[in-house]
Every structure is written in C-alpha cells, then in structure tokens.
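A.B. asks: My questions will all concern the structure given below.
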C-alpha cells in the first residue's frame, strides 16, 4: 500500500470506538455463556486489546500486534477498525493477499460508514488490478469524506489510465482544490487538458509547476516539450534553452572539487 498505513490516532476514533463498545452480538457461530461478562465489559476488553495492538503496530511490532487485534475481533466482530488493522499487520508481515483482502472486505461490510475502510479496500483492489471495483470503493470513501486526497488522487489516476478524460479532469481539479501545490496532480491535469484541446489551461498548470520549482530544468523541459507538441515553437525554444542553462548550472555544482596540493602529499 505504498508504505502508507492510514492509522487513525486514538484521540480521533470517536464514533467508531463507541461502536466498538456496543458489542451486543456474539461472534459468528458462538453462543454467549450465561456466566460471561455483560456486553459492555466485552466491549471494554475488546477496546483494550485493540489499543494494545495499535500501540505495538506503531512501534513496528506488527506480528506481535496481530493476536491483540484477533482478540478484539473475537469479542466485537461487528467493529470495523480491528479488521483494518489486521489487514495492515498482514501487509507488514507475511503479505498474505488472501487474508488482507478478506479482512478489508469484512471491514467494509461492517463499517459501511467508515471512509478509511473503503479507501484501504480500494487500494487493495487497485493493486490487484480490479480497477472498476477500486473506483467504487474510492467513490464511496469520498462520498463519506470528500477531503480524502489520496482517494481522490487514486480515483483520478484510474480514470486517467482508463481513458476517462472528463472524469479525470474533474478529480484532478478537485485534488488541486485541496492541495493547490500538488505537482503530480498539476502535471496529470495538464496532460488531460492538452488531450482535450484546452491548451491555455494546460499551459497554465505547467507554468504553475515551473513557478513552484523554478530551479528545475526537468519541469522546464517538460514545458518545452508541451510547446513543441502544440506547435508553439518560439515558446518551446525559450523553455528548452532555459532548461539547458539550468542543467548546466546543476552539472557545475555537482562537479567534484580538485584535491589541494596538501591533500596529495
């Protein structure tokens, strides 16, 4: 999952922790013994196990965390967060794709109102090359939390890869509404706008990238190539010449210093 685990800090778990405390239903195929603790006690035990597992995960002890998440699930099988953390723990240990997919699918099933569940499951489906199902999950995540930049970026990228030009323009534009300096979104949006024939808008986004990183010959070169493709030859020559000058400066900066006479004695 690209190294991003999307864990939620304990102090913002809010409603989901409350849901974890309401463990009034037994695990599948399990009958509650009359001598077992009342429902709230089961929730408290589940919450404690979850917190222990989360603490271990944050220290990188993902294998040690798994039994705690399993205990939380055994007590509260309708609480989505332990399913998500179990999936993450498997990603970081054995990378068992079947188990990861199973935990995330179950997390979405019991946590339909949890945007992180849909985001993580969408990432899993995207990595499994199930683009249409990934689009559904990212769309659902964004309907619950429109500010999820990663879900929007991934959705936009899937539209870009699938040739869905207008949808891609819409989503990359939305990303820039949240992160105006996102260079990847600026570059991909410029590409889609160029393909749509909206050349002035495409140029504006490429110029924004150059302004964000004025010392980059790479971005100037990309701008020059855009000008060449659309036949704006005078602008192309100017951008490419500036890119060459910046590259020459970079090479001079990287040139190793000559050894002093004293150092060679």
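The values are calculated or read from the model by the stated rules, or taken from the named source; none is laboratory data. On a predicted model such as this, the values are computed, not experimentally measured, just so you know. Methodologically, a virtual Cβ is constructed for each residue, glycine included, from the backbone with ideal geometry; neighbour enumeration extends over all protein chains shown.
A.B. asks: Restricting to the stretch 52-74, what's the tally of residues that are within 22 Å of the chain's Cα centre (by Cα) and within 13 Å of residue 90 (Cβ to Cβ)?
C.D. replies: Residues that pass the stated criteria total 2.
A.B. asks: May I ask you to verify whether residue 234 is part of a helix (DSSP H, G or I), modelled with pLDDT of 95 or more and over 29 Å from residue 179 (Cα atoms)?
C.D. replies: In short, yes.
A.B. asks: May I ask you to verify whether residue 149 is buried (at least 20 other Cβ atoms within 10 Å of the Cβ), at pLDDT 95 or above and touching a helix residue (DSSP H, G or I) at 6+ places or on another chain (Cβ under 7 Å)?
C.D. replies: Considered against the rule, which asks whether it is buried (at least 20 other Cβ atoms within 10 Å of the Cβ), at pLDDT 95 or above and touching a helix residue (DSSP H, G or I) at 6+ places or on another chain (Cβ under 7 Å), residue 149 comes out as no.
A.B. asks: Go through the stretch 84-110 and give me each residue that's in a loop (DSSP other than H, G, I, E, B) and over 19 Å from the mean Cα position of the chain (by Cα).
C.D. replies: If the condition is that a residue be in a loop (DSSP other than H, G, I, E, B) and over 19 Å from the mean Cα position of the chain (by Cα), then 93, 94, 96 are the ones that fit.
A.B. asks: With 75, 81, 47 as the choices, which residue is buried (at least 20 other Cβ atoms within 10 Å of the Cβ), over 21 Å from residue 124 (Cα atoms) and touching a residue at least 40 places away in the same chain (Cβ under 8 Å)?
C.D. replies: Every option except 75 fails the conditions.
A.B. asks: Looking at the stretch 177-199, which of its residues are under 22 Å from the mean Cα position of the chain (by Cα) and surrounded by fewer than 16 Cβ atoms within 10 Å (Cβ to Cβ)?
C.D. replies: Of everything in the stretch 177-199, those that are under 22 Å from the mean Cα position of the chain (by Cα) and surrounded by fewer than 16 Cβ atoms within 10 Å (Cβ to Cβ) turn out to be 177, 178, 179, 180, 181, 183, 184.
A.B. asks: Another question, then. If I filter the stretch 163-178 for residues that are outside any helix (DSSP H, G or I) and within 17 Å of residue 135 (Cβ to Cβ), do I get at least one hit?
C.D. replies: Looking through the stretch 163-178, at least one residue is outside any helix (DSSP H, G or I) and within 17 Å of residue 135 (Cβ to Cβ).
A.B. asks: Restricting attention to the stretch 113-145, which residues are surrounded by fewer than 20 Cβ atoms within 10 Å (Cβ to Cβ), in a loop (DSSP other than H, G, I, E, B) and touching a residue at least 12 places away in the same chain (Cβ under 8 Å)?
C.D. replies: 113, 128, 145
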